[in-house]
Amino acid sequence: MLKEEDVVNVVGPIAPCDVMFICEHASCNFPPELGDLGISEDVRRSHVAWDPGALELTKALASRFGATYVAGQVSRLLYDCNRPPEVDSAIPKRSEVFDIPGNANLTEKERRDRVEQIYTPFRAATEQALAVIEPKAMVTVHSFTPVYHGARRDVEVGILHDHDARLADHMLSALRDAPFKIQRNAPYGPEDGVTHSLRAYALPNKIPNVMLEVRNDLLTDSGAVDLMADVIEHALRHGIAAIDASSSQKGSV
């Protein structure tokens, strides 16, 4: 049986702070208790199993803000913590061009066991951290592959949001002159089911939020990660300050 520390890592002071970060797809680890799902080591280390570079970017951003981050400790192929238990993609039978034999034909109990071993402790740890930190903003950090189903993706950074676009709007405004190709809700959007964490943790608590998607070829070394973190930090600070100012104006009316 997996322990909580096997599936989720909470790093930082867990104290009031402007922002809290979440990196659901931080690891391509396959604990021996859950096996290798019948896929090769190359597939288990590829982007279908995790978000390469996302954890490094999360750490860089958390360091700049003195903030806490929550990171998944197992591969998203075992359970995708950015998906609710009721959807098939939470435990995918196929990811991009790869079949995942170990996820095919799971019994209801086997599926429930995955939820209880991975998603439930991840969600509990995230909710507990949020309750203590009470951040002004919540940011989830992801990366995506430059080529998907043989097609090249031109977008380099996506600023994603669900129905609360406050933070995304301000960040996109601050990123107009950034040295990257930045788009709203790209290469995915809420219609693709990717904003579960925003819906689960931020929206019910009215916390301004965004989901970052950064092309993983822009996160291949520490220099690249630092450059991306600098750009995002600037936009995030601008967004938080703008929302603070708007709230203050409303409060003074």
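The values are calculated or read from the model by the stated rules, or taken from the named source; none is laboratory data. In this text, all values refer to a predicted model and were calculated from it rather than measured experimentally. Here Cβ is always computed from backbone atoms with ideal geometry, including for glycine, and neighbour counts include all displayed protein chains. All accessible areas refer to the heavy atoms of the entire protein, side chains included, with ligands and DNA or RNA removed. Shrake-Rupley method; radii C 1.70, N 1.55, O 1.52, S 1.80 Å.
A compact table of results
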read-out	value
Candidate set: the stretch 144-161, residues that are of a type in the set (A, V, I, L, M), part of a strand (DSSP E or B) and in contact (Cβ under 8 Å) with a residue 12 or more places away in the chain; chosen: the one farthest from V210 (Cα to Cα)	V157
Per-region count, the stretch 204-223, residues open to solvent by less than 30 Å² (accessible area, probe 1.4 Å) and either modelled with pLDDT under 95 or within 18 Å of L236 (Cα to Cα) (or both)	8
Pair list, Cβ < 8 Å and 6+ apart or interchain, from the stretch 104-116 residues that are more than 16 Å from E33 (Cα to Cα) to residues that are assigned to a loop (DSSP other than H, G, I, E, B) and not hydrophobic (A, V, I, L, M, F, W, C)	A104/K93
Candidates P135, P84, filtered to the one that is within 17 Å of the chain's Cα centre (by Cα) and either of a type in the set (F, W, Y) or farther than 22 Å from L34 by Cα (or both)	P135
Counted residues, the stretch 11-27 - those being in a strand (DSSP E or B) and of a type in the set (G, A, S)	0
Neighbours by Cβ (under 9 Å, 6+ apart or cross-chain): first from the stretch 201-222, at positive phi; second open to solvent by 10 Å² or more (accessible area, probe 1.4 Å)	K206/D164
Counted residues, the stretch 59-79 - those being charged (D, E, K, R) and more than 16 Å from I240 (Cβ to Cβ)	2
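Every residue, every condition in (1) modelled with pLDDT under 95; (2) within 19 Å of A229 (Cα to Cα); (3) in contact with a Leu (Cβ under 8 Å, 6 or more places away or on another chain), yes or no:
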site	(1), (2), (3)
T145	no, yes, no
R153	yes, no, no
V157	no, yes, yes
D162	no, no, yes
T195	no, no, yes
